[in-house]
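The values are calculated or read from the model by the stated rules, or taken from the named source; none is laboratory data. Computed from a predicted model, the values in this text were never measured in an experiment. In this analysis, Cβ positions are derived from the backbone assuming ideal geometry, glycine residues included, and neighbour counts consider all displayed protein chains. Heads up: the accessible areas ignore ligands, DNA and RNA and are worked out on the full protein's heavy atoms, side chains in. Shrake-Rupley method; radii C 1.70, N 1.55, O 1.52, S 1.80 Å.
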Amino acid sequence: MHLKWFLLSALKSATSGGRRYHLWMGSLTLVMLFGAYGYSVQLRDGLVVTGMNDFSSWGLYISNFTFLVGMAAAAVMLVLPAYVLEDVDFQKAVLIAEGVAVSALCMCLAFVTVDLGNPFAAWHLMPVIGLLNWPRSMLAWDVIVLNGYLALNLFIPFYILYTHYIGKHPDKSRYVPWVYLSVFWAVSIHLVTAFLMAGLPARPFWNHGLLGPRFLASAFTAGPAFMILLLWFVDSQTEYDIDLGAFRKLAMVTTVAAQINLIMLGSEIFTEFYFPTHHAQSAHYLFFGLEGHDALVPWIRTAIVLNIGATSVLTIHRLRESRYWLLGSCSVLFVAVWIEKGMGLIVPGFIPSPLGEIVEYSPTWVEIVVTVGIWAMGLFILTVLVKVALPIEMGDLRSPLIDRRRSPRSR
Amino acid sequence: MTERRELTFDDVLRNAGVREAQSRLERLTPDPATLPPSERERGGGCGSGSCGCAKGPSNTLLDKPLDRRGALGAMLGALAVTTQAVGACAPTSMESDEEREAKLLAQEEYFKGNYRLMTPEERAETVARLERLAELRGDGDVSIRTDGAVPGVMYGYAFNISKCKGFRNCVEACIHENNLDRTSDRQYIRIFEKPNGESINDLEHADATFGHEVPAEGHYYLGTQCFQCANPPCVYVCPVQATWQEPDGIVVVDYDWCIGCRYCMAACPYWARRFNWAEPEVPAEELNPRQHYLGNRARKKGVVEKCTYCIQRTREGRLPACAEACPTGARVFGNILDPDSEIRWVLENKQVFRLKEDLGTEPRFWYFMD
């Protein structure tokens with residue numbers, strides 16, 4: 001009975017709001033519809049409508065997938081202190097972080113699905129009726145860990161919100177074990193995604209041991225940077241207050257991760273260019289261009305400049321503690337990591353081809369429209385989750401079946 | 001008209017494995033007398049026995065008890081198939097019986113399992129469906145074989161760099177033998193042209209798209225294709241086991257099980273795999289009707305394919321089309337387990353090497369010089 005009311009209240013909360021809220025959700029829906037149209041074209045004609053080809057067989061979709069797995073994994077940076085270390089500053093922010101994880105994972109799954117040439121055969125991936133190549137294929141691992149992480153990040157916040165909704169306190173013994181699991185799981189989803197590429201001797205650009213750690217460093221840069229922006233928005237636009245300590249600690253996490261990321265970038269660049277071998281061809285293509293082909297050069301150079309600039313700003317205590325510098329640097333870092341870890345990582349892996357041929361890749365309108373549509377879907381899901389979670393946490397949304405006078409306010 | 005609409009929806013249920021629809025189907029079968037004359041002439045539309053819709057040639061899902069895999073597959077796929085199926089039967093008067101039959105056969109194909117897990121009966125059924133589908137498509141009388149590896153055979157290939165002159169007869173023969181897509185100008189074989197004195201390992205500066213008269217002065221030629229590695233990275237990475245190595249060493253793809261993720265293409269160090277970015281097209285008059293399930297049968301949009309050493313020929317004891325077409329004798333193919341074979345002689349008497357041996361993929365494709 002409570003569950004029915006919970007779902008009804010959630011639906012009501014998600015569909016009611018001011019004019020700006022409806023305008024925002026309406027615009028997202030419109031963008032999603034454009035994306036759906038693009039995907040319908042792709043379904044009808046095949047992946048030939050994308051910029052991909054037999055040489056560059058992955059493109060914008062897998063680039064965004066890689067980046068977003070990192071965004072999902074980054075929730076661990078709030079989950080670990082809030083639940084395991086019982087850090088008071090993060091108590092109010094952690095549910096939002098889990099919302100980010102859920103929406104990022106939905107986007108990941110959507111990007112993988114639109115990348116499939118034969119999506120109607122996707123049931124071949126399912127246990128029992130399909131034939132999953134586990135434990136051999138890293139993609140099979142990825143299917144398992146991504147869905148598992150999605151389940152964990154749906155269950156934990158749902159349990160906490162639901163118990164608050166029916167006016168009770170969550171029972172720690174029921175959810176804390178899952179929290180511990182999700183901490184390890186978060187690291188594993190991103191490592192598995194890195195291993196998916198690092199395990200390919202055919203692609204020397206990916207085939208090195210630093211790829212996994214570098215994925216984690218860049219994820220813990222872009223993820224918390226996005227969280228700072230989102231929490232600032234929630235804090236300034238709603239009555240739900242986020243503790244200042246949460247911003248300080250997240251800013252510190254972002255800064256240290258960005259510094260480590262830069263050290264790793266430097267280490268990679270040194271290995272590739274100090275004594276360039278045949279294996280450095282892809283890096284050469286990325287940073288300098290190869291035989292006149294240099295489509296990615298402006299992108300990666302922009303990303304590096306933005307990365308170094310924002311990391312330097314955050315490294316200076318006084319600037320990091322100024323709200324505007326902090327928000328500005330976080331936006332810049334988010335964009336820089338998206339370029340560097342998306343197109344800057346996936347596309348050069350295919351150029352030159354294993355037999356040395358150079359065929360460049362650039363996305364078509366269909367890919368761009370579908371990509372933007374999936375991002376709109378992610379933001380839509382995130383907005384709904386936050387819109388439902390906040391009133392419950394503030395004690396404004398309670399089951400009509402409980403006795404109001406005896407119900408405790410939220411933690 | 002309303003009656004017939006309902007009838008067609010029952011077909012959807014029936015094909016998704018719902019048994020009860022059968023009786024309703026019979027009850028709702030329209031009396032030919034009540035149909036408009038145009039429909040009567042054509043045999044009563046959807047309800048008549050001549051049409052695949054009502055009493056199709058092979059109701060595999062319906063006739064045999066469903067196992068767990070089949071039942072779950074049916075339920076799961078019902079959603080995806082509803083769209084196709086509704087489209088398959090809805091505007092009955094617009095469609096010919098053959099179109100309807102093709103769509104129903106395609107639905108049955110949708111639910112079949114991985115080739116390696118099929119029983120001999122299931123293999124026979126899918127082959128019958130595929131052959132009929134080819135006929136309905138206008139591809140004529142196609143025969144698809146499913147014969148397995150011959151015991152005691154392990155195929156190997158050797159390429160004589162001194163003899164290849166870059167004529168590319170092999171490329172042409174491969175296109176026709178394997179029914180490669182003509183629209184995208186698909187080729188499994190690449191012939192690289194290199195100036196004498198340049199190392200074979202340095203393929204970066206080789207040209208695979210030369211358009212001048214061959215052999216060019218001061219150049220040598222080097223062919224690549226799928227090397228059927230003994231340790232194939234492409235097979236490792238496939239998430240659904242849609243590609244595997246047969247006992248005779250040939251790495252094959254189950255085109256109907258492939259989901260089109262293209263992970264194998266990223267994993268191949270020799271750029272041997274190709275993807276069907278659009279629906280592949282081969283003119284019916286150029287189609288090779290002698291086909292193998294794991295070889296040159298029709299592929300579809302969104303799946304991966306590759307060289308199979310012409311599995312449809314080699315399993316019959318014939319040479320691959322490329323080896324047969326080579327006018328210079330640069331290509332040596334055979335059973336490396338047979339001590340009297342030519343390939344064995346090359347491996348025992350020539351200094352041979354393979355591409356990217358440092359990766360440990362162990363290709364079964366060797367290069368040598370005279």
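Assorted remarks:
- Residue in the range B:183-205 that is outside any helix (DSSP H, G or I), in contact (Cβ under 8 Å) with a residue 60 or more places away in the chain, open to solvent by less than 60 Å² (accessible area, probe 1.4 Å) and among the polar types (S, T, N, Q) present: no
- Single residue of the range A:54-67 satisfying the filter (facing chain B (nearest Cβ under 7 Å) and touching a residue at least 60 places away in the same chain (Cβ under 8 Å)) that is farthest from the chain's Cα centre (by Cα): A:S57
- Residues of the range A:116-137 classified as open to solvent by less than 60 Å² (accessible area, probe 1.4 Å) and either within 7 Å of another protein chain (Cβ to nearest Cβ) or outside any helix (DSSP H, G or I) (or both), total: 14
Listed here are the residues, each with its yes/no results for (1) in contact (Cβ under 8 Å) with a residue 12 or more places away in the chain; (2) in contact with a Leu (Cβ under 8 Å, 6 or more places away or on another chain); (3) farther than 25 Å from B:F111 by Cβ; (4) not acidic (D, E).
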residue	(1), (2), (3), (4)
B:E217	no, no, yes, no
B:T224	yes, yes, yes, yes
B:A230	yes, no, yes, yes
B:D256	yes, no, no, no
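- Residue tally, condition farther than 23 Å from B:T146 by Cα and either open to solvent by less than 10 Å² (accessible area, probe 1.4 Å) or in a loop (DSSP other than H, G, I, E, B) (or both), over the range B:282-299: 1
- Considering A:T271, A:T221, the condition of being among the hydroxyl-bearing types (S, T, Y), part of a helix (DSSP H, G or I) and open to solvent by 60 Å² or more (accessible area, probe 1.4 Å) is satisfied by A:T271 alone.
- When the range B:91-144 is filtered for residues that are closer than 15 Å to B:G295 by Cβ, in contact (Cβ under 8 Å) with a residue 24 or more places away in the chain and open to solvent by 50 Å² or more (accessible area, probe 1.4 Å), the ones remaining, listed by number, are B:R123, B:S143.
- Single condition A:A122 does not satisfy, out of (1) touching a helix residue (DSSP H, G or I) at 6+ places or on another chain (Cβ under 6 Å); (2) hydrophobic (A, V, I, L, M, F, W, C); (3) more than 22 Å from A:W338 (Cα to Cα): (1)
- Scanning the range A:192-218 for residues that are away from chain B (no Cβ under 12 Å), open to solvent by 10 Å² or more (accessible area, probe 1.4 Å) and in contact with a Lys or Arg (Cβ under 9 Å, 6 or more places away or on another chain) yields a single hit, A:R214.
- Selection status of B:D147, open to solvent by less than 60 Å² (accessible area, probe 1.4 Å), more than 14 Å from chain A (Cβ to nearest Cβ), within 20 Å of B:E177 (Cα to Cα) and assigned to a loop (DSSP other than H, G, I, E, B): yes
- The range B:206-221, residues that are within 14 Å of another protein chain (Cβ to nearest Cβ) and part of a loop (DSSP other than H, G, I, E, B): B:A206, B:A208, B:T209, B:F210
Residue-by-condition table, conditions (1) under 18 Å from B:W366 (Cα atoms); (2) within 28 Å of the chain's Cα centre (by Cα); (3) among the small types (G, A, S); (4) in the same structural domain as B:N349 (by TED's automatic domain parsing):
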{"residue": "B:K163", "(1), (2), (3), (4)": "yes, no, no, yes"}
{"residue": "B:P195", "(1), (2), (3), (4)": "no, no, no, yes"}
{"residue": "B:A208", "(1), (2), (3), (4)": "no, yes, yes, yes"}
{"residue": "B:A230", "(1), (2), (3), (4)": "yes, yes, yes, yes"}
{"residue": "B:V235", "(1), (2), (3), (4)": "no, yes, no, yes"}
{"residue": "B:T243", "(1), (2), (3), (4)": "no, yes, no, yes"}
{"residue": "B:P247", "(1), (2), (3), (4)": "no, yes, no, yes"}
{"residue": "B:I250", "(1), (2), (3), (4)": "yes, yes, no, yes"}
{"residue": "B:G260", "(1), (2), (3), (4)": "no, yes, yes, yes"}
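- Of the residues in the range B:278-300, at least one is closer than 25 Å to B:G140 by Cβ, within 14 Å of another protein chain (Cβ to nearest Cβ) and of a type in the set (A, V, I, L, M, F, W, C).
- Any hit, the range A:30-42, residues being closer than 29 Å to A:L152 by Cα, under 25 Å from the mean Cα position of the chain (by Cα), of a type in the set (S, T, Y) and modelled with pLDDT of 95 or more: no
- Cβ-Cβ under 7 Å pairs, at least 6 apart or on other chains, the range B:349-369 side away from every other protein chain (no Cβ under 13 Å) and closer than 20 Å to B:C307 by Cα, far side in a helix (DSSP H, G or I) and open to solvent by 30 Å² or more (accessible area, probe 1.4 Å): B:W366/B:L347
- Conditions (1) over 28 Å from A:V337 (Cβ atoms); (2) open to solvent by 20 Å² or more (accessible area, probe 1.4 Å); (3) more than 14 Å from chain B (Cβ to nearest Cβ): number failed by A:F6: (2)
- All of A:A280, A:A251 fail the test of being among the hydrophobic types (A, V, I, L, M, F, W, C) and under 25 Å from the mean Cα position of the chain (by Cα), apart from A:A251.
- Just one of the listed residues (B:G260, B:G302, B:G223) is more than 30 Å from A:M126 (Cα to Cα) and open to solvent by less than 10 Å² (accessible area, probe 1.4 Å), and it is B:G223.
- Qualifying residue in the range A:77-94 (condition: over 17 Å from the mean Cα position of the chain (by Cα), within 14 Å of chain B (Cβ to nearest Cβ), surrounded by fewer than 24 Cβ atoms within 10 Å (Cβ to Cβ) and part of a loop (DSSP other than H, G, I, E, B)): no
- A:L390 meets each of the listed conditions (1) part of a helix (DSSP H, G or I); (2) of a type outside the set (F, W, Y); (3) within 30 Å of A:A194 (Cβ to Cβ) apart from (3).
- Of all residues in the range A:318-362, those satisfying the criterion of being touching a Gly at 6+ places or on another chain (Cβ under 7 Å) and open to solvent by 40 Å² or more (accessible area, probe 1.4 Å) are A:V332, A:S362.
- Among the numbered conditions (1) over 26 Å from A:G378 (Cα atoms); (2) in contact with a Pro (Cβ under 7 Å, 6 or more places away or on another chain), the only one that A:T254 does not meet is (1).
- Residue count for the range B:313-330 under the criterion of being surrounded by 15 or more Cβ atoms within 10 Å (Cβ to Cβ) and in a loop (DSSP other than H, G, I, E, B): the result is 6.
- Test: A:L43 is within 14 Å of chain B (Cβ to nearest Cβ), among the hydrophobic types (A, V, I, L, M, F, W, C) and open to solvent by 60 Å² or more (accessible area, probe 1.4 Å): yes
- Subset of the range B:301-340 [more than 14 Å from chain A (Cβ to nearest Cβ), among the aliphatic types (A, V, I, L, M) and under 13 Å from the mean Cα position of the chain (by Cα)]: B:I311
- Selection from the range B:264-277 of residues that are in contact with a strand residue (DSSP E or B) (Cβ under 7 Å, 6 or more places away or on another chain), assigned to a helix (DSSP H, G or I) and facing chain A (nearest Cβ under 7 Å): B:M265
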